[in-house]
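The values are calculated or read from the model by the stated rules, or taken from the named source; none is laboratory data. All values reported here derive from a predicted model rather than from experimental measurement. Cβ sites come from the backbone with ideal geometry, for glycine too, and all protein chains shown count toward neighbours.
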């Protein structure tokens with residue numbers, strides 16, 4: 001390891017620990033203090049269990065816990081089963097590149113925008129009800145709670161529309177590291193059905209590669225706020241939504257039971273992950289016993305095709321939700337049960353222009369700043385690994401995933417308190433810092449594999465020609481990796497645009513973005529204005545992904561032409 005590599009690696013590690021990990025630890029510490037009665041702002045400085053007694057006495061807590069567990073665990077398990085079944089059914093017919101192109105719209109659209117679109121589609125007066133109205137004879141919207149239902153089914157559908165494409169992409173990426181075709185052929189030659197080969201041979205190899213992303217999905221599903229506000233039950237809501245309300249209560253004494261609830265939310269996620277680890281250990285024991293029995297089992301083909309049909313249905317509903325955003329933002333008159341608006345107008349856009357222009361400006365500033373900061377830190381980290389000639393350790397991987405595994409509601413209040421003490425809260429810089437906690441992990445994960453897959457012979461050739469480490473970075477690595485870098489930046493923009501709680505807490509309600517405004521407007525009666533904000537919110541990530549696809553093609557157009565001329 002060179003001296004320069006050690007220094008750069010140390011600097012990057014210090015920035016990550018002090019800038020990303022320390023704030024989370026500070027937030028958890030401050031929240032934990034308040035959860036046990038220590039809140040100097042209210043004159044309380046002694047340990048007490050009173051916040052926990054107050055939390056237990058709050059109405060609807062048991063229902064909130066039940067809803068959280070049912071929607072979080074249910075959507076995660078169902079998403080994993082559907083994604084696995086779909087991959088087993090169509091993997092041989094779909095390349096990774098094709099899958100990525102098909103899944104990009106679902107990955108790009110922010111959670112809140114998708115939830116608004118799904119509310120437009122699933123509501124009693126939504127598109128699905130309008131399509132069924134002629135068959136059912138409905139002249140008025142049916143009296144059925146299809147959104148904000150008491151069981152959280154609409155919320156589960158919304159989570160699955162986002163989670164299934166993400167898990168599909170993760171599984172497809174893992175499958176590229178396994179000789180699936182050869183192992184499938186060997187299993188089929190031994191008389192096993194395709195589904196049984198997947199269960200017995202393929203998935204045991206895939207699971208270790210997708211374990212952490214599944215944990216991230218589970219942690220998010222158990223603590224989601226924006227989608228739960230739009231699609232979930234409202235009274236009582238899921239625990240994370242209830243905590244958000246309690247933290248925003250005008251009575252400052254509510255901070256204490258809210259902090260206790262935030263600690264409970266962290267414990268719930270930790271227990272859910274532990275449950276998943278226990279299920280994995282039990283699955284290994286049962287799997288070995290099943291393998292030793294040697295039976296070929298029943299055919300799993302019907303299950304695979306049922307999972308594939310369910311995935312296609314979810315994607316169709318998701319696409320319909322995306323289209324509904326734009327349609328509702330332009331609709332002027334649209335009475336039930338008409339399938340298509342009777343008239344269109346730009347008045348919703350013009351009427352809300354002053355509000356969405358301000359929110360759009362703030363969103364662009366936050367997305368640009370957090371994406372650039374996260375990209376710079378990710379490149380510095382990866383370059384430090386190269387110069388130090390060391391691969392990433394397991395503990396470093398854990399540092400990257402930590403912000404995605406800890407529930408946001410569990411530490412953002414405490415982080416806000418810490419920022420208040422140093423005079424940072426309530427401003428744009430505090431929001432940028434808070435959003436970067438969640439943008440950086442995604443940018444780092446997206447850029448890591450392409451960076452490590454770079455042909456080392458190019459680097460050695462540049463070094464042989466006398467190029468130093470800095471010149472090799474700027475003249476070789478960054479130009480060659482332009483597409484992955486821009487793709488990682490687009491992912492960073494999409495994650496930043498989607499941030500709701502960090503903007504709400506750290507901005508103290510004074511930094512309005514498209515996401516915060518869309519969530520607020522979703523409870524109103526004017527779907528057209530809500531559609532305007534949600535359409536803009538969805539358009540920004542799509543624009544970033546489009547730029548990531550077009551800019552490298554334009555930059556490298558001459559090289560492609562030269563290559564074609566040579567061949």
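Among the listed residues 308, 234, which satisfies the condition of being outside any helix (DSSP H, G or I) and either surrounded by fewer than 17 Cβ atoms within 10 Å (Cβ to Cβ) or touching a helix residue (DSSP H, G or I) at 6+ places or on another chain (Cβ under 6 Å) (or both)?
Values: 308 fails: outside any helix (DSSP H, G or I).
Among 308, 234, only 234 is outside any helix (DSSP H, G or I) and either surrounded by fewer than 17 Cβ atoms within 10 Å (Cβ to Cβ) or touching a helix residue (DSSP H, G or I) at 6+ places or on another chain (Cβ under 6 Å) (or both).
Just to be sure, is residue 274 surrounded by 18 or more Cβ atoms within 10 Å (Cβ to Cβ) and part of a helix (DSSP H, G or I)?
On the way: surrounded by 18 or more Cβ atoms within 10 Å (Cβ to Cβ): no; part of a helix (DSSP H, G or I): yes.
No; evaluated as a whole, the condition is false for this residue.
Please return the ranges of helices (runs of 4 or more DSSP H) entirely within segment 413-496 where 2 or more residues are touching a helix residue (DSSP H, G or I) at 6+ places or on another chain (Cβ under 6 Å), without any contact (Cβ under 8 Å) to a residue 60 or more places away in the chain and closer than 23 Å to residue 371 by Cβ. Reasoning before the result, please.
Details: elements: 428-452, 456-464, 469-472.
Where helices (runs of 4 or more DSSP H) fall fully within segment 413-496 and carry at least 2 residues being touching a helix residue (DSSP H, G or I) at 6+ places or on another chain (Cβ under 6 Å), without any contact (Cβ under 8 Å) to a residue 60 or more places away in the chain and closer than 23 Å to residue 371 by Cβ, they are 428-452.
Can you confirm whether segment 47-57 contains a residue that is more than 19 Å from residue 264 (Cβ to Cβ) and modelled with pLDDT of 90 or more? Steps first, please.
Of the residues in segment 47-57, the ones more than 19 Å from residue 264 (Cβ to Cβ) are none.
No, the conditions are met nowhere in segment 47-57.
With the structure loaded, tell me whether residue 320 is assigned to a helix (DSSP H, G or I), loosely packed, with under 15 Cβ neighbours inside 10 Å and in contact with a helix residue (DSSP H, G or I) (Cβ under 7 Å, 6 or more places away or on another chain) or whether it fails that test.
Working: assigned to a helix (DSSP H, G or I): yes; loosely packed, with under 15 Cβ neighbours inside 10 Å: no; in contact with a helix residue (DSSP H, G or I) (Cβ under 7 Å, 6 or more places away or on another chain): yes.
When the stated conditions are applied, residue 320 does not pass them.
Would you please list the contacts, defined by Cβ atoms under 7 Å and residues six or more apart or on different chains, that run from a residue in segment 512-527 that is not assigned by TED's automatic domain parsing to the domain that holds residue 361 to a residue that is surrounded by fewer than 24 Cβ atoms within 10 Å (Cβ to Cβ)?
Cβ pairs passing all conditions: none.
Residue by residue through segment 331-354, note down the ones that are free of Cβ contacts under 8 Å to residues at least 24 places away in the same chain and either crowded, with 19+ Cβ neighbours inside 10 Å or within 25 Å of residue 158 (Cβ to Cβ) (or both).
Within segment 331-354, 334, 340, 341 meet the criteria.
Give just the number: which of (1) within 27 Å of residue 211 (Cβ to Cβ); (2) touching a helix residue (DSSP H, G or I) at 6+ places or on another chain (Cβ under 7 Å) does residue 279 not satisfy?
Of the numbered conditions (1) within 27 Å of residue 211 (Cβ to Cβ); (2) touching a helix residue (DSSP H, G or I) at 6+ places or on another chain (Cβ under 7 Å), the odd one out for residue 279 is (2).
In the list 333, 354, 390, which residue meets the criterion of being closer than 30 Å to residue 216 by Cβ and more than 27 Å from the chain's Cα centre (by Cα)? Let's see the steps before the verdict.
Numbers: 333 fails: closer than 30 Å to residue 216 by Cβ; 354 fails: closer than 30 Å to residue 216 by Cβ.
Going through 333, 354, 390 in turn, just one is closer than 30 Å to residue 216 by Cβ and more than 27 Å from the chain's Cα centre (by Cα): 390.
Considering segment 176-211 alone, what residues qualify as being surrounded by 17 or more Cβ atoms within 10 Å (Cβ to Cβ) and outside any helix (DSSP H, G or I)?
Within segment 176-211, 192, 193 meet the criteria.
Checking residue 525 against (1) part of a helix (DSSP H, G or I); (2) at pLDDT below 95, which test does it fail?
Evaluating residue 525 over (1) part of a helix (DSSP H, G or I); (2) at pLDDT below 95 leaves (1) as the failure.
Can you report the number of residues in segment 129-143 which are in contact with a helix residue (DSSP H, G or I) (Cβ under 8 Å, 6 or more places away or on another chain) and in contact (Cβ under 8 Å) with a residue 24 or more places away in the chain?
Here is the first cut: in segment 129-143, the ones in contact with a helix residue (DSSP H, G or I) (Cβ under 8 Å, 6 or more places away or on another chain) are 138-139, 141-142.
With the extra rule that they be in contact (Cβ under 8 Å) with a residue 24 or more places away in the chain, the set shrinks to 138-139, 141.
Number of matching residues: 3.
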